[in-house]
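The values are calculated or read from the model by the stated rules, or taken from the named source; none is laboratory data. As the structure is a prediction and not an experimental result, all values here were calculated from the model. Here the Cβ positions follow ideal geometry from the backbone for every residue, glycine too, while neighbour counts run over all protein chains shown. Just the protein is used for accessible areas: all its heavy atoms, side chains included, with ligands, DNA and RNA removed. Shrake-Rupley method; radii C 1.70, N 1.55, O 1.52, S 1.80 Å.
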Amino acid sequence: MNYKAKVVPNNFSVSAMELAQLEEKQQFQKVHPLKKSELWAWDMASKYGVEASNHAIPCNTTAPVIRCVTPFLGTYIDPGAISLYVSSLSSILSFFTSLSISAVADHGSYKKSLLIVFSVLGCFFTMGFFIIQKPRLFWVGAILSPLAWTCYNVCGVFSHSFLPIYGHAHPYVLAAQARGESLSVVRKVEEQVVNDLSAYSGAIANIGSIIVHGVCIGLSLGMHETSLSLQIAIAYTGVWWLMWILIVAPWLDARPGPPMPKGQNWVAYSWKKTYRTLLSFKQLPEIFKFMVAWFILSDGINTMPAIMFIILYRELSFTHVESLIMSVLLSVMACLGAYGFMYLRKIWSLTTKFMVILCLTLYGIQMAYLVVVPYFTDKAGLRTSHEGWFHVLYYGIIVSTFYGSCRVMLSELCPSGDENEWFSLYLLADKGSSWMGPFITGAIFSLTGDYRRAFWFPLALILVGVLMLSRVDMNKGKDQARNFAQAKEHRLATTTYPPHETP
């Protein structure tokens, strides 16, 4: 039986309702390697800084070669390193915040409610950048940036957990089950529709990103690239984020879970539930293999563009407008890549795991070039602006497929009924590791004075991650998830718990 032709046609499309639900995800897709708020912190730190060779001379940020340091806590720090440290702080704060509340979203309608609450907070934090009116207040930006991005990341915990739920309830999957198709066929159908939903979600996210960056470019050009234009751009992204959340909220089904146990402290409850999930590694070894591989890989993939953008901005003298144009082109390439890889997957019936390893192989080639070439010549290896444009576009054409395929892998391995909890751990693994890359690369630059040496770190992580990911048995993992869900359902049906206890 050719299930692709009879069950899931290649012209698969989503309904208007599904598009409205997918549109909500555009606010949480990982697309932008360098945050505007980080760029603002760097810019203000540079203006408050001094020349590295003579601390009595104020820093000239318009000079062709910028060599500035900023006084901070009794020492002098490179503004580029400050950007990396701010990124690390964002990841650490996101990790603890998500871990403290994510399990609550498994109950009632909290998933949707918390999604809206943190969107409102994120909008307020982005608008708070208007407080920074003098360069010496750059530290305010270093506080607001982690807070805003913590809200962004926490919202991602709640939004991404909808993906496996949509996959289980999709009409094509239900139709295959109703016809009495074999388990392997049903799984193939679900794998394809979830991949398609993920790809369409990524495309919508990138279209939104193009619009946002187009407006930001207009603001920057119209205001002659002033610091105020960057402040307005940051605030605009927050307003856009909140606006679309409020627009799609009426169409987003809360899909409520069981009631929240009475008398529970949210933080203690979330930590306790996460601890119990971690103890289930013996019943779910394949998904834990995936989570460890993801913990390593996400740090490498997140660190790579951060290093590239700092080199482009600091050493190749890219302006604010050029950075925004590059972000637009990055989104365009991500959108094209999402559709391109989707059709390759359908034509050759490629598995989700193969797509992830393919993306990592392409990234590994890019990292190997950036690591090896600078040792043999000073004319290549991210030394020119043309190389900068090429490497960012190369990264962009892969990024959407990589992250989308990783989410689909998790949805395939995730036990039914625990979607939000496992996607919480998925994003916690991402944010829990992503502080290491910026921190270590910042330390490497402080020791060597060359950001290109820092590319060794993401390359090593990618190699180790691929080796671990290759050991994940997807069919075995799906069986483990099904057995785990059935055992849990049987236990809940035969056991009575006091209202204040967690099953």
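Which of the residues that make up segment 200-238 are closer than 25 Å to Y403 by Cα and of a type in the set (A, V, I, L, M)?
Selection gives A203, I204, A205, I207, I210, I211, V212, I234.
Quick check on this structure: which one of S323, S327, S317, S349 is surrounded by fewer than 18 Cβ atoms within 10 Å (Cβ to Cβ) and closer than 28 Å to S90 by Cα?
That would be S317, the only listed residue that is surrounded by fewer than 18 Cβ atoms within 10 Å (Cβ to Cβ) and closer than 28 Å to S90 by Cα.
Given (1) outside any helix (DSSP H, G or I); (2) at pLDDT 85 or above, identify the lone condition not met by Y403.
The single condition Y403 does not satisfy is (1).
If you scan segment 355-391, which residues turn out to be closer than 18 Å to I311 by Cα, surrounded by fewer than 16 Cβ atoms within 10 Å (Cβ to Cβ) and touching a residue at least 40 places away in the same chain (Cβ under 8 Å)?
Across segment 355-391, the qualifying residues are A368, T384, S385.
Residues of segment 222-262 being open to solvent by less than 50 Å² (accessible area, probe 1.4 Å) and small (G, A, S), which ones?
Those that are open to solvent by less than 50 Å² (accessible area, probe 1.4 Å) and small (G, A, S): S227, S229, A233, A235, G238, A249, A254, G257.
Where in segment 171-259 are there helices (runs of 4 or more DSSP H), lying wholly inside it, with at least 2 residues that are under 20 Å from the mean Cα position of the chain (by Cα)?
Output list reads 183-222, 227-248.
Of all residues in segment 102-118, which are closer than 13 Å to L425 by Cα and surrounded by fewer than 20 Cβ atoms within 10 Å (Cβ to Cβ)?
Once the filter is applied, which keeps residues that are closer than 13 Å to L425 by Cα and surrounded by fewer than 20 Cβ atoms within 10 Å (Cβ to Cβ), segment 102-118 yields nothing.
Out of V140, V157, which single residue is of a type in the set (A, V, I, L, M), open to solvent by less than 60 Å² (accessible area, probe 1.4 Å) and within 30 Å of A481 (Cβ to Cβ)?
Of V140, V157, the one residue that is of a type in the set (A, V, I, L, M), open to solvent by less than 60 Å² (accessible area, probe 1.4 Å) and within 30 Å of A481 (Cβ to Cβ) is V157.
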